[in-house]
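S.K.: Input: one structure, supplied below.
Values in this text are rule-based calculations from the coordinates and carry no lab data. Note that the structure is a prediction, hence the values are computed from the model and not measured. As a convention, Cβ positions derive from the backbone with ideal geometry for all residues, glycine included, and neighbour counts pool all protein chains shown.
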Amino acid sequence: MEADVIIIGAGAAGLRAAGILAADGLSVTVVEKDPQIGGRQKTRLIDGFVVDEGFHVFNPQYPEAEKALDYAALDLHYYDTGACFRVPGKKQGQPPRLVSLASPLHHPQRLTSLFSSGLVDPPSVAACIKWFDPQLASTRTYSFPTGNPDCTLEEGLDKAGLTGPMRRVFDTFFSALFTDWSAQTSNEFARVMGWLFLAGRAAIPGRGIAAIPAYLACQATSAGAQVLTGTEVVAVNRDETTPSVTLADGRTMTAKVVVVACDPDGAAGLMGTTPVPMNGLSTWWFAVDGQPHPSKQPMIDTTRSGPLSSTVVMSNINPALAPPGTSLIQATAAWGRSTDPAEVAEHEVRRHVADILGVDTRGWDLLARDDLPHALVFQQPGRPARTPTVDGGVSVCGDWCHSASFNGALLSAEQTAAAVVDHIFGRAR
Ligand SMILES: Cc1cc2nc3c(=O)[nH]c(=O)nc-3n(C[C@H](O)[C@H](O)[C@H](O)COP(=O)(O)OP(=O)(O)OC[C@H]3O[C@@H](n4cnc5c(N)ncnc54)[C@H](O)[C@@H]3O)c2cc1C
């Protein structure tokens, strides 16, 4: 037997499960098909710029992340709270303008500027309060599933009676967060994530998003786990006492339990099930001389006058992402589940960023374009979290097993690790 536990997949979930199980005294081997760890959280160095694969935001308010990670070691750099919205001019015929909205939980003194922005009136405030649900406010944590009846975000906002400019702010903010243009994501999930973003302050690790799985891998290997990259599993063989995996090179590895911690497509391929639907996005990364805009917030165009769901001057959040005297800019288009990213031409992206930031983008250097059709799990309304079990010696974990976020991936890993320990030791944790 190669190990007590074989974990397939070195993304956040697999690495977190490995760290917990190894710390519990089990021998653990993680097998990863890619040459590097990290799964969907990857970062590259391109011409001296630190460039994530696709646009990622880390919310330090995630409770499972607070448990699993050391924020000082990750050298977190923080966004300003809230977001900057491009909205129509105050009067007809006036050009669109940028309005920076801060979280009222962090900056109650800026509530007056919210009212003078022209975006908010008493009915929309009442609708926002109705939608957010003050009960969820008292927890301000990731209490999902909430147990409330669910519907789509679109239906939830309709029911709350949110219309007008504030509705466009909500629609575009959540389409950027969930990469879902059509607001078909779970309303309950949106409310929990909405509270977390109001209560927290988005951040990025100093060396990019890949620092997070690197930290989890370090925790796991320090506790004794082994991580084998470039090792693809092609079959999982169920057996109550000695399950095994078949590798692409034909070898077989046996264990007491096999944990499938793959992405939805990978897991479905190995388990013979239907993959959960996912939302896609494309991110264009630009290198620019100087600083095109000073904002430290994500910038979102509520007028939807182009393909982008958000753009951010990343080096304003962390100057070390770009060489001195230059800036790193991300521009992301959310695809949902249906659009073909190849349809958007780079010149449309440049034009849209130019409209949002109010600068000429024609001379900007394109560092990378990431087309990621399977980036985030689509959180369908009412979809329950899976109950972690060990069946035929095999268990599963990953964001798709719990909820569509990094926090969901970690939570699923913890729950699965507990089920594995129960199975092996026959005891409750
Ligand atoms: C561009 C982008 C932006 C995102 N932004 C956010 C965000 O802002 N906030 C947030 O909360 N979440 C965000 N997410 C989602 C978040 O990254 C994921 O929820 C989380 O990383 C999922 O971790 P995981 O371990 O469940 O899956 P994965 O990271 O997909 O890991 C699965 C691993 O299994 C491996 N694997 C698959 N099949 C096999 C096989 N047969 N053999 C061996 N190995 C295999 C894969 O190579 C992969 O390494 C974003 C994702 C993307 C792509």
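S.K.: Which of the pairs Lys91/Lys130; Lys42/Lys159; Lys67/Lys159; Lys90/Lys159; Lys33/Lys296 have their Cα atoms more than 31 Å apart in this structure?
M.R.: Going by Cα-Cα distance, Lys42/Lys159; Lys67/Lys159; Lys33/Lys296 fall outside the 31 Å limit.
S.K.: Let me ask something additional. Would you kindly state how much longer the chain becomes between Arg304 and Arg362 on full extension, computed as 0.36 nm times their sequence separation minus their alpha carbon distance, in nm to one decimal?
M.R.: Stretched fully, the Arg304-Arg362 segment lengthens by 18.8 nm.
S.K.: Moving on. Local charge sum around Arg16 (other residues, Cβ-Cβ under 9 Å, Lys/Arg +1, Asp/Glu -1)?
M.R.: -2
S.K.: If you don't mind, another one. Check Arg97: other-chain or 5+ apart residues with amide H under 5 Å from its amide H, H built from backbone geometry?
M.R.: Amide H neighbours of Arg97, under 5 Å, 5+ apart: Val87, Gly89.
S.K.: Tell me, what HN-Hα J-couplings in whole Hz come from the Karplus equation 6.51 cos²θ - 1.76 cosθ + 1.60 at θ = phi - 60° for each residue of the stretch 384-394, using x for Gly and Pro?
M.R.: For the stretch 384-394, the Karplus-derived couplings read x, 6, 6, 7, x, 9, 10, 10, x, x, 10 Hz, x marking Gly and Pro.
S.K.: How do Leu114, Leu228 line up, fewest other C-beta atoms within 10 Å first?
M.R.: Going from least to most buried by this count: Leu228, Leu114.
S.K.: Count the DSSP beta bridges whose two residues both fall in the chain, then state the antiparallel fraction as a percent rounded to the nearest 5.
M.R.: Rounded to the nearest five, the antiparallel share is 70 percent.
S.K.: Please compute the modelled spin-label separation between Ala126 and His107, points set 7 Å along Cα→Cβ, answer in nm with one decimal.
M.R.: In this crude spin-label approximation the distance works out to 2.8 nm.
S.K.: Continuing with this model, one more query. What residue among Lys42, Lys256, Lys91 shows peak mean-square fluctuation when the chain is described by a Gaussian network model with Cα springs under 10 Å?
M.R.: Largest GNM mean-square fluctuation: Lys91.
S.K.: Using modelled backbone amide H atoms (1.01 Å from N, in-plane), which distant-in-sequence or interchain residues come within less than 5 Å of Ala83's amide H?
M.R.: Leu101
S.K.: When the chain is treated as a GNM, springs tying every alpha-carbon pair under 10 Å, which of Pro108, Pro205, Pro145 comes out with the largest mean-square fluctuation?
M.R.: Largest GNM mean-square fluctuation: Pro108.
S.K.: Something else about it: Averaging sequence separations of C-alpha pairs under 8 Å and six or more residues apart, then dividing by the length of the stretch 54-177, give the relative contact order as a whole percent.
M.R.: Relative contact order of the stretch 54-177: 21 percent.
S.K.: Something else: Sort the chain into rounded, prolate or oblate with this rule: let a ≥ b ≥ c be the square roots of the eigenvalues of the Cα gyration tensor; rounded if a/c is under 1.5, and if a/c is not under 1.5, prolate when a/b is larger than b/c, oblate otherwise. Write out the running numbers ahead of the final one.
M.R.: Working: a/c = 2.06, a/b = 1.57, b/c = 1.31.
Verdict is prolate for the chain.
S.K.: DSSP H helices in the chain with Cα extent of 20 Å or more along the helix axis and mean Kyte-Doolittle hydropathy at least -0.5?
M.R.: 164-178, 406-425
S.K.: To continue, here is another question. Given an 8 Å cut-off on Cα distances and at least 6 residues of separation, report the relative contact order of the stretch 222-262 as a percent.
M.R.: Relative contact order comes out at 28 percent.
S.K.: Using θ = phi - 60° and the Karplus relation 6.51 cos²θ - 1.76 cosθ + 1.60, list the HN-Hα couplings for the stretch 40-57 in order, rounded to whole Hz, with x at every Gly or Pro.
M.R.: Couplings: 7, 9, 10, 9, 10, 9, 10, 6, x, 9, 8, 10, 5, 8, x, 7, 10, 10 Hz.
S.K.: I would also like to ask the following. Explain nothing, just compute: Karplus ³J(HN,Hα) = 6.51 cos²θ - 1.76 cosθ + 1.60, θ = phi - 60°, for every residue of the stretch 67-75 in order, whole Hz, x for Gly and Pro.
M.R.: Values, residue by residue: 6, 8, 10, 10, 5, 5, 5, 7, 6 Hz.
S.K.: Using 7 Å Cα-to-Cβ label points, what is the Thr241/Glu155 separation (nm, one decimal)?
M.R.: The modelled label-to-label distance comes out at 5.0 nm.
S.K.: Of the candidates Ala214, Ala418, Ala72, which one comes out as most mobile in a Gaussian network treatment of the chain with C-alpha springs shorter than 10 Å?
M.R.: With Cα springs under 10 Å in the chain, the top fluctuation among Ala214, Ala418, Ala72 is at Ala72.
S.K.: Sequence gap at least 6, Cα distance under 8 Å: using those rules, report the relative contact order of the chain to the nearest whole percent.
M.R.: Relative contact order for the chain comes out at 24 percent.
S.K.: Give the long-range amide H neighbours of Ser395: residues separated by 5 or more places, or on another chain, with amide H under 5 Å away, using H modelled in the peptide plane at 1.01 Å from N.
M.R.: Amide H to amide H, under 5 Å and 5 or more residues apart or across chains, Ser395 pairs with Val258, Val259, Val260.
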